[in-house]
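Worksheet: the structure to be examined is printed underneath.
The values are calculated or read from the model by the stated rules, or taken from the named source; none is laboratory data. Bear in mind that the values here come from a model prediction, so they are computed numbers and not experimental data. We place every Cβ from the backbone using ideal geometry, glycine too, and count neighbours over all the protein chains shown. Keep in mind that these areas ignore ligands, DNA and RNA; they rest on the heavy atoms of the full protein, side chains included. Shrake-Rupley method; radii C 1.70, N 1.55, O 1.52, S 1.80 Å.
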Amino acid sequence: MPRLLSGIQPTGELHIGNYLGAIKNWVLLQGSYETFYCIVDLHAMTTPYEPKEMSQRTLELAKALLACGIDPQQSVFFVQSHVKEHTELAWVLMCLATMGELSRMTQFKEKSSEQKGHATAGLFTYPVLQAADILLYKAELVPVGEDQVQHLEFTRDVCRRFNSRFGQFFPEPKPLLSKTPRIMGLDGQTKMSKSRNNHIPLLAAPEEISSLLKGAYTDPARLRRHDPGHPEICNIFTIHKGFSTQELVSSIESDCRTAGIGCTDCKKILAENMAKSLEPIRERYLRLNDSEVLEVLCAGATKAQSVAKETMKQVREKIGLLLV
């Protein structure tokens, strides 16, 4: 089976944007591909964080991903920092990357402006470590959203540069584009994010889901109940596609356009369906204990490192390092 790799940062509690945009798809890809899923804690160091919280956030994220359906029997599931070869390959690739191409990265421009003069070299070279994550396992495919395509193109460029300089070795990873539309936050203005406080936690109880949806932004042109709606621009309708049946989605679309359903009723239906869909995840999460999760991550790191060690052995030979 083709090999693919994807990762997620332990930067806070998961929300439904993470679930619909990536994790739900990760679960579905298992069995059809050789899947490597990684919690990229080293990437999370590129923004300010509390050291005493990092390990717990990593553990909680691992528990949530397992509850969502990541299966360690079907996937290599591990923590990035548990496999030291990630940083070794990142340095090799750093010596092939140029300052110019890194400075043009859209994410660096956005995040460095948010950090107001405190952006680190780690944030600047973030795409190089990301490239190392992918190439270390010779992943052929990377599931990404459209906003991540630029970083993958950088990986492909560095891959070609390595192969040209040292001989054909790494396969060029291709994007496996997600069909899920971008999930906006409850404010309807920006991408769903905990830092912007515009999210619905993945593990939220039914009453919290209902409460958060009540104030969610909808169609700005629909000011009154009898006004016809425009579901194609309504974030609530977009979220419905992730939690409601296709038949119901079609019905809501039709009723919205003809003012047959109001925004309040639409949100109520979504809240019920979301709670029903997420309840099994909440139940599995509560059943998992820390020791179980640590065992899974330890086993995953062992599997990942067996691949990573072999890759780096061959990389060292190709780049001309003295071997002992």
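Suppose R0 equals 22 Å; then what is the FRET efficiency for Ser193 and Glu153 from their Cβ-Cβ distance, rounded to the nearest 0.05?
Details: r = 24 Å, r/R0 = 1.09.
Efficiency at R0 = 22 Å is approximately 0.35.
Go ahead and estimate [θ] at 222 nm for the chain from helices alone: -39,500 (n - 2.57) per DSSP H run with n ≥ 4, summed, over the residue count, rounded to 500. Write down the numbers at each step before the final one.
Numbers: 13 runs with 167 residues, N = 324.
Helices in the chain give a 222 nm mean residue ellipticity of -16500 deg cm²/dmol.
Measure up Lys109/Lys267; Lys24/Lys241; Lys63/Lys276; Lys111/Lys214 against 24 Å on the Cα-Cα distance and list the ones that go over.
Numbers: Lys109/Lys267 36 Å; Lys24/Lys241 13 Å; Lys63/Lys276 20 Å; Lys111/Lys214 31 Å.
Over 24 Å Cα-Cα: Lys109/Lys267; Lys111/Lys214.
Compute a Gaussian network model of the chain, connecting alpha carbons closer than 10 Å, and tell me which residue from Gln74, Gln314, Gln30 fluctuates the most.
Residue with maximal mean-square fluctuation among Gln74, Gln314, Gln30: Gln314.
Would you mind working out the accessible area per residue for the chain, using a 1.4 Å probe, and quoting it in Å²?
Values: 16250 Å² over 324 residues.
Per residue, the chain has an accessible area of 50 Å².
For the stretch 313-318, in order, what is each residue's ³J(HN,Hα) by Karplus, 6.51 cos²θ - 1.76 cosθ + 1.60 with θ = phi - 60°, in whole Hz (x at glycine and Pro)?
With the stated coefficients, the stretch 313-318 comes to 4, 6, 4, 4, 5, 5 Hz.
Give me log10 I(q)/I(0) at q = 0.28 Å⁻¹ for the stretch 13-77, Debye formula, one equal scatterer per alpha-carbon, no solvent.
Those come out to -1.29, one per q.
Based on the mean of other Cβ atoms within 10 Å per residue, sort peptides 148-157, 280-289 so the most packed one is first.
Numbers: 148-157: 17.7, 280-289: 13.7.
Result, highest mean Cβ count within 10 Å first: 148-157, 280-289.
Please give the Cα centre distance for the stretch 257-324 versus the stretch 19-53, rounded to the nearest Å.
5
What would the Debye equation give as log₁₀ I(q)/I(0) for the stretch 252-324 at q = 0.24 Å⁻¹, counting only Cα atoms as equal point scatterers?
These q points yield log10 I(q)/I(0) values of -1.03.
Calculate the translational D of the stretch 205-253 in whole µm² s⁻¹ from Stokes-Einstein, where the hydrodynamic radius comes from the Kirkwood formula applied to all Cα pairs, the temperature is 10 °C and the viscosity 1.306 mPa s. Working shown, then result.
Numbers: Rh = 11.9 Å.
Answer, rounded: 133 µm²/s.
So what's the convex hull volume per residue for the Cα atoms of the chain, in Å³? Mind dumping the intermediate values first?
Working: hull volume 48.4 nm³, N = 324.
Here the figure is 149 Å³ per residue.
May I ask you to give the percent of accessible area on the chain that is carbon plus sulfur, with a probe radius of 1.4 Å? Walk me through the numbers on the way to the answer.
Details: 8640 of 16250 Å².
Roughly 53 percent, rounded to a whole number.
At 7 Å along Cα-to-Cβ for each site, give me the label-to-label distance between His226 and Leu294 in nm.
6.5
What translational diffusion coefficient, in µm²/s and rounded to a whole number, does the Stokes-Einstein relation yield for the stretch 159-250 at 25 °C and a viscosity of 0.890 mPa s, taking the hydrodynamic radius as the Kirkwood radius over Cα pairs?
Result for D is 149 µm²/s.
Can you give me the P(r) profile for the stretch 76-184? Cα pairs, bins 5 angstrom wide beginning at 0, each as a whole percent.
2, 11, 21, 22, 21, 15, 6, 2, 0
Return the whole-Å distance between the Cα centroid of the stretch 227-250 and the Cα centroid of the stretch 181-218.
15
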